[in-house]
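Each remark here refers to the structure printed beneath this line.
Just so it is clear, none of the values below were taken in a lab; they were calculated from the coordinates. No experiment lies behind these values; they were computed from the predicted model shown. Ideal geometry is used to build each Cβ from the backbone, glycine not excepted, and the neighbour counts take in all protein chains shown.
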Amino acid sequence: MKHIIEEESKYAASAKAFRANVTRDLGNEELRSNFRGAMDYLMDKRKGAFSSEEELEVLREQCKLIKQRCLAKLPHLLEQLEGNLEKNGIKVHWAETITEANEIIAQLIAQKKGKSVVKGKSMVSEETALNDYLEERNVECLESDMGEYIVQLAKEHPSHIIMPAIHQNKKQVAKLFADNIEGFEYSTDVDTLIQQGREVLRNKFCQADVGISGVNFAVAETGTLCLVENEGNGRMCTTIPDLHIAITGIEKVIEHLADVPPLLSLLTRSATGQAISTYFNMINSPRKPGEKDGPQEVHLVLLDNGRSQAFADEELRQTLQCIRCGACMNHCPVYTRIGGHAYGTVYPGPIGKMISPHMLGLEATTNLPTASTLCGACGEVCPVKIPIPKILLRLRQESVKPKSQQPEVMKGQGAGRNNVEALIWKVWAQVHKSPKFYALSMWGLTRFRFLMPKKLGGWTSVRTAPKPAAATLHERINAKQKKAKQEKQSQHGRG
Amino acid sequence: MQQLNTQHLRDYPKKPKQVYLFGTCIVDSFFPDTGMDAIELLEREGIEVIYPQGQSCCGQPAYNSGYKDEAKAVAMSQVKQFPLDIPVVVVSGSCGGMMRHHYLDLLGDDPEINNFCQRVFEFTEFLVHVLRLKPIDQGPKERVALHTSCAARREMGVHITGNKLISQLANVELVIHDYESECCGFGGTFAVKHADISAAMVADKSKHLVATDVVRYVSADHGCMMNINGALDYQKQSLRGEHIASYLLNRIKGNSSKGSL
């Protein structure tokens, strides 16, 4: 597969604006408090979901190995998946780019003369900006996941991959509903809010021509599409309309049905601390003769969108182990501060920093891998043990590599390279690998410490500048040894 | 529930006669007292400390910035400075993690590199697991907080060894601050490249430390302390952090600690 990264992606522009987005959102007190509160809650829930460290560790290791095995056989498993799905009556479509995916879906809808779509939660459809694409073609799309419905009403994008509207508090949601839902009885009680939102959605399910959903696991050996959800909207989308279209990334394929239970158990517990989600759907075929419900047609769109670029490199391939639980963002001190929208990408947080460069190219995303202290909180909780900090380091390397250096592993290689910075590191290396140069530079730093500026860019906007010592540790130890030697000699002389 | 982290679990050697000290570039140029105190503490335990004058920096700044070749050149030059088969004690969890874990990736898994990495110990790790130090506390009664750097915590297990050392001090009460395991926002060049995010993080860290009402917090990393102490100083707070080497030495000698900036 070729790597085509589309110029037209609206996310490329918003990812490029990362720094401005960060400034905007760091200054929003309400947003900051919404994220802090929600992330604290989610971290606590996850902590309570595992009976022991050992159990968690065994499960993480098992799931890592499952995903690595499946990725090692990815091309074969995709073919097997296609064969078994087709055997079950589910039609498979391949999309290399987001535009191809959108075109396929629009055509399927047009063939059925569909006018309205009800959508279950699908981050991959966010990736393709499917709603915008269909609405431009006069197809109405309604998000049926409560969080997705909220962001759709607010004309926003999800700020979290599991909880799309986590950036809003209940007062904000109440106001949004009051402004948008006819006959809404104002309340800030969460249950009342959800009840009223659901009534709107319930009516739409019955009228929609098409249901669109995501996929959490696509099982190759049985041709089964698995969908994890809590609201029942996923089941409604995939059973009521006559046409069901599922869309997912190529990395979601797993080999065996037996791989599902450990992955599912770890997914829900890592995401929301639930032992299991309220609903778990396993879709094997369209409605069979004699069955009373289910769609007449089921289609699966498998999207690449840069994933095969990650797949081609052994280290970066680990990015594709991700099962989209969101634990990395829940535990990320950067995500907690800036929130999900600041990233400007579909996938925010640590997973977004890893996967977005493959989707949008390093030109648009060069600020993302550096926006991490490499604290390791994400890697520590990742259910499939992706070494996230190490992958971010690797992306930094690709970003500052000279543009011409071969082999080109990533689109946009060298986008973060700055010749002045590159020269500084070259000089830095020369100084630090030579004891003589190093001693000289430290001598200069300590002797001329009175020249140390009081202002050091962003550092001193909230901190005072550090002061070099009067003498280095090297010198102090030398002096100490000299003194000890002299004392020894004078003792010797006296003796 | 504590996250199980197996990366720092290892077999420890018997108490050696000699060790190397890796001082780190930050200690060398900004906080040499820490290096001197670490040496004094080790010497009090009957260990000869060798400080190779050719040492400079572990290479982490370049490594974390994506300049792998530059990091590699410096890392290789450091390995050559520590040829004897004795422990290399590092007074920073972050630099220790770099030398113990990342050198293998950076320099390749050859026998010389592997032998070097196996000999690297973070300072508190060395005191607890190799020296089995039981510090006799002669200082006044006080409360203290502990901030472990993220690399120290996740790569070197300092939240266990630092905690153990302080818990053994008879007159010291260890106070756990809110969001204790959360990053202070330093992250090397991150603090410069993404200064506003870093500022938000250090504002929270300093707030949580100040809220404990301790007069002193302790850490095994001067990188974090340069960040947190700099913020505390800017905010005109009296709270300061002190390196655990100096803190322990002062407690053992009965001196009152002073904190470093």
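Can you give me the P(r) profile for chain B? Cα pairs, bins 5 angstrom wide beginning at 0, each as a whole percent.
Whole-percent P(r) values from 0 Å outward: 1, 6, 14, 18, 20, 17, 12, 7, 3, 0, 0.
Just to be sure I understand the model, the point goes 7 Å from the Cα along the line to the Cβ. What's the resulting residue B:114 to residue A:65 distance in nm?
The two pseudo-label positions are separated by 2.3 nm.
Assuming 0.36 nm per residue, please report the length gained on full extension of the stretch residue A:489 to residue A:137 beyond their Cα-Cα distance.
Working: separation 352, 0.36 × 352 = 126.72 nm, distance 9.35 nm.
This chain segment gains 117.4 nm when fully extended.
What does the helix-only formula give at 222 nm for chain B: each DSSP H stretch with n ≥ 4 adding -39500 (n - 2.57), the total divided by the residues, and the result rounded to the nearest 500 deg cm²/dmol?
Working: 13 runs with 114 residues, N = 261.
Computed mean residue ellipticity for chain B: -12000 deg cm²/dmol.
Work out from phi, with θ = phi - 60° and the Karplus expression 6.51 cos²θ - 1.76 cosθ + 1.60, the ³J(HN,Hα) of each residue of the range B:69-74, listed in order in whole Hz, and give x for Gly and Pro.
4, 5, 4, 4, 4, 6
Find the relative contact order for chain A and round it to a whole percent, using C-alpha pairs within less than 8 Å whose residues are 6+ positions apart. Please report the intermediate quantities before stating the final value.
Values: 802 pairs, mean separation 98.1, N = 495.
Over chain A, the number comes to 20 percent.
As a check on your grasp of the helix formula, calculate [θ] at 222 nm for chain A: sum -39500 (n - 2.57) over DSSP H runs of n ≥ 4, divide by the residue count, round to the nearest 500.
On the way: 23 runs with 251 residues, N = 495.
Value at 222 nm, helices only, nearest 500: -15500 deg cm²/dmol.
Taking 8 Å as the Cα distance limit and 6 or more residues as the minimum spacing, I'd like the relative contact order of the range A:196-328 as a percentage. Mind showing how you got there, number by number?
On the way: 209 pairs, mean separation 37.5, N = 133.
Value for the range A:196-328: 28 percent.
Amide H to amide H under 5 Å from residue A:253: which residues, 5+ apart in sequence or cross-chain, H placed 1.01 Å off N in plane?
Those lying under 5 Å, H to H, from residue A:253 are A:218.
When only C-alpha pairs under 8 Å and at least 6 residues apart count, what is the relative contact order of the range B:18-130, in percent?
Numbers: 145 pairs, mean separation 31.9, N = 113.
Once normalised by length, the contact order is 28 percent.
First check a/c for the range A:26-130, with a ≥ b ≥ c the square roots of the eigenvalues of its C-alpha gyration tensor; if it is under 1.5, answer rounded, and if not, answer prolate when a/b is larger than b/c or oblate otherwise. Show your work: numbers first, answer last.
Numbers: a/c = 2.75, a/b = 1.31, b/c = 2.10.
Oblate, since a/c reaches 1.5 and b/c is not below a/b.
For residue A:296 and residue A:452, compute 0.36 nm times the residue count separating them, minus their Cα-Cα distance, and round to one decimal in nm. Could you put the intermediate results ahead of the total?
Values: separation 156, 0.36 × 156 = 56.16 nm, distance 7.41 nm.
This chain segment gains 48.7 nm when fully extended.
Which log10 I(q)/I(0) values does the range A:420-494 give at q = 0.12 Å⁻¹ under the Debye formula, counting every alpha carbon as one identical point scatterer?
Those come out to -0.54, one per q.
Describe numerically, in nm with one decimal, the distance between label points set 7 Å from Cα along Cα→Cβ at residue A:107 and at residue A:190.
4.4 nm
I need the shape label for the range B:1-92. Rule: rounded when a/c is under 1.5, else prolate if a/b > b/c, else oblate, with a, b, c from the alpha carbon gyration tensor.
Cα axes put the range B:1-92 in the oblate bin.
Report the Stokes-Einstein translational diffusion coefficient (µm² s⁻¹, integer) for the range A:368-495, Rh taken as the Kirkwood radius over Cα pairs, at 4 °C with viscosity 1.567 mPa s. Present the calculation step by step, with values, prior to reporting the outcome.
Numbers: Rh = 19.5 Å.
Using the Kirkwood radius from Cα pairs, D works out to 66 µm²/s.
Taking each residue of A:328-334 in turn, how many C-beta atoms of other protein chains fall within 10 Å of its C-beta, and what is the average? Write down the numbers at each step before the final one.
Values: counts 0, 0, 0, 3, 1, 13, 9.
Averaged over the peptide's residues, the number is 4.
In a Gaussian network model over chain B where Cα atoms closer than 10 Å are linked, find which of B:30, B:116, B:82 has the largest mean-square fluctuation.
B:30
Using the structure shown, list the pairs from A:10/A:204; A:115/A:288; B:134/B:253 with a Cα-Cα distance above 19 Å, or answer none.
Numbers: A:10/A:204 28 Å; A:115/A:288 25 Å; B:134/B:253 14 Å.
Beyond 19 Å: A:10/A:204; A:115/A:288.
Looking at chain B, identify the longest residue range that excludes and avoids all trypsin sites (Lys or Arg not before Pro) in DSSP loops having at most 15 other Cβ atoms within 10 Å. Walk me through the intermediate numbers first.
Values: sites that count: B:10, B:14, B:17, B:80, B:132, B:141, B:236, B:258.
After excluding every exposed loop site, the longest remaining stretch is B:142-235.
Under the classification rounded if a/c is under 1.5, otherwise prolate if a/b is larger than b/c and oblate if not, where does the range B:142-253 fall, given a ≥ b ≥ c as square roots of the Cα gyration tensor eigenvalues? Numbers along the way, then the final one.
On the way: a/c = 1.94, a/b = 1.47, b/c = 1.32.
Prolate shape, in that a/c is at least 1.5 and a/b is the bigger ratio.
Compute the Rg/Rh shape ratio of the protein assembly as shown: radius of gyration over Kirkwood radius, all on alpha-carbon atoms.
Numbers: Rg = 28.5 Å, Rh = 28.0 Å.
Value, to two decimals: 1.02.
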